Amino acid sequence: MAAQPGFDRRALIRGGMAATAAGAIGLSAAGTAHAAGPTSRPLRASRATAAEPRIYTTEEWGARPASGEIVIENHKPTYIVVHHTAEPGNSEDYTLEHAKQICRDIQDHHMDGNGWSDTGQQFTNSRGGFRLEGRHKSLEVVRGGTQHVQGANVGDHNSEVIGIENEGLYTDVDVPAALWDSLVQLVAWIATQYGTDLANIKGHRDFNSTECPGEILYGRLQELRDAVGNALGLSSPTGDDVLAWPLLKPGAVGARVRAAQHLLRGKGFEVPVNGVFGTETKRAVAELADRHGIKHHTCSASFHRTTDETGYLGSDIWPLLTPSSRTAGGGETADAVGTLLRSRPSGGTRAASGDKLTQTDWKRLLS
């Protein structure tokens, strides 16, 4: 469901809502948040903590028993990762019973369809603003603040991430206000339990080549960091703190596509350099992923999803394409860099001079 007419939640978050977020979330008696410094700090630097919000347990929503062992790792997760479920879509049933049914449907799909031992994500957040435990034991382990229930929601990073599935599809519509508010509260609590750096509040696409959590919700992640930071007396991460690889999909056009085509040619793929992400480019990206054993990861809760994300160029593919030297690939890398530089306003990048290029340099060029 799109945002209500005349109600600009982005403006509200940036203005008065952010100023009162601490009151909405609830600060503990440990102390009042102090003024933030000029740069982002780890959450543990603040004395403010978010109160635990109401979270419905696996028992309360009628979860099946897990079919295998729940792995509890003896360390904290590094990242809090935001997903969207994609399906069953943007329901206007905002009831608690609907939220519980979503959890049962997801678990059935993950266990019966994917062959997993339990639900993949640690928490689920409904469009009606209800927060529910996903994988068994997730709630009690987060309460402890020192360990991590290993889930199955981000490819090749499940020992590092705690995932939150947000009910709905957010490729071109905004999230309901109730879902947003409950997400802020849940993330703030998890972050205080683990001392998570605000820069490590991420989206699924920051790890895998997938649309998840949707262009609109992904585009609001900085607002999410801001809201959590304001509630906890912390400054927001800077642009460099949250540099990310872009997601390019078939049909995309522009300088970044042209640069990717140069880089693919440098890897030996016969693709046109026309700035259009067409069939040949998609095929080359998919083949590159296959060569390196990169698995296809859509959002794990999308149990009726029909969109084919094969050939998407995202966070797990860019590092395979971007060499550390401008002279690599028979001049194609230099052409890619030149294409990106010409597409930016003068002085609009801080990519390293000389021959060497780091992954941070590439992210700046592609941003």
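Some observations on this one:
- Output for segment 236-258, where each listed residue is touching a Phe, Trp or Tyr at 6+ places or on another chain (Cβ under 7 Å) and at positive phi: G251
- Options A48, A86: the member that is at pLDDT below 95, surrounded by 18 or more Cβ atoms within 10 Å (Cβ to Cβ) and under 21 Å from the mean Cα position of the chain (by Cα): A86
- Residue list for segment 229-255, restricted to those being open to solvent by less than 40 Å² (accessible area, probe 1.4 Å) and of a type in the set (V, I, T): V242
- Matching residues, segment 54-107, being in contact (Cβ under 8 Å) with a residue 40 or more places away in the chain, under 15 Å from L132 (Cβ atoms) and acidic (D, E): E60, D105
- The criterion of being open to solvent by 10 Å² or more (accessible area, probe 1.4 Å) and either at pLDDT 95 or above or not polar (S, T, N, Q) (or both) holds for R258.
- Against the criterion of being of a type outside the set (F, W, Y), more than 22 Å from the chain's Cα centre (by Cα) and at pLDDT 95 or above, E59 qualifies.
- Being touching a helix residue (DSSP H, G or I) at 6+ places or on another chain (Cβ under 7 Å), among the charged types (D, E, K, R) and free of Cβ contacts under 8 Å to residues at least 60 places away in the same chain is a property that D226 lacks.
Residue-wise test of (1) modelled with pLDDT of 95 or more; (2) among the aromatic types (F, W, Y); (3) open to solvent by 70 Å² or more (accessible area, probe 1.4 Å); (4) in a strand (DSSP E or B).
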{"residue": "L320", "(1), (2), (3), (4)": "yes, no, no, no"}
{"residue": "P323", "(1), (2), (3), (4)": "yes, no, no, no"}
{"residue": "G330", "(1), (2), (3), (4)": "no, no, yes, no"}
{"residue": "D335", "(1), (2), (3), (4)": "yes, no, yes, no"}
{"residue": "T339", "(1), (2), (3), (4)": "yes, no, no, no"}
{"residue": "S346", "(1), (2), (3), (4)": "no, no, yes, no"}
{"residue": "T349", "(1), (2), (3), (4)": "no, no, no, no"}
{"residue": "S353", "(1), (2), (3), (4)": "no, no, yes, no"}
{"residue": "K363", "(1), (2), (3), (4)": "yes, no, no, no"}
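- Filter pass, G268 being surrounded by fewer than 21 Cβ atoms within 10 Å (Cβ to Cβ) and on the phi > 0 side of the Ramachandran plot: yes
- Of the helices (runs of 4 or more DSSP H) lying entirely inside segment 102-219, the ones with 1 or more residues being open to solvent by 10 Å² or more (accessible area, probe 1.4 Å) and farther than 27 Å from P237 by Cα are found at 138-144.
- So D226, is it out of contact with any Cys (no Cβ under 6 Å at 6 or more places or on another chain) and open to solvent by 50 Å² or more (accessible area, probe 1.4 Å): no
The values are calculated or read from the model by the stated rules, or taken from the named source; none is laboratory data. Predicted model only: the values in this text are computed from it and were never measured. A quick note on method: Cβ atoms are made from the backbone with ideal geometry, for glycine too, and the neighbour counts reach across all protein chains shown. Calculation scope for accessible area: heavy atoms of the full protein, side chains included, ligands and nucleic acids excluded. Shrake-Rupley method; radii C 1.70, N 1.55, O 1.52, S 1.80 Å.
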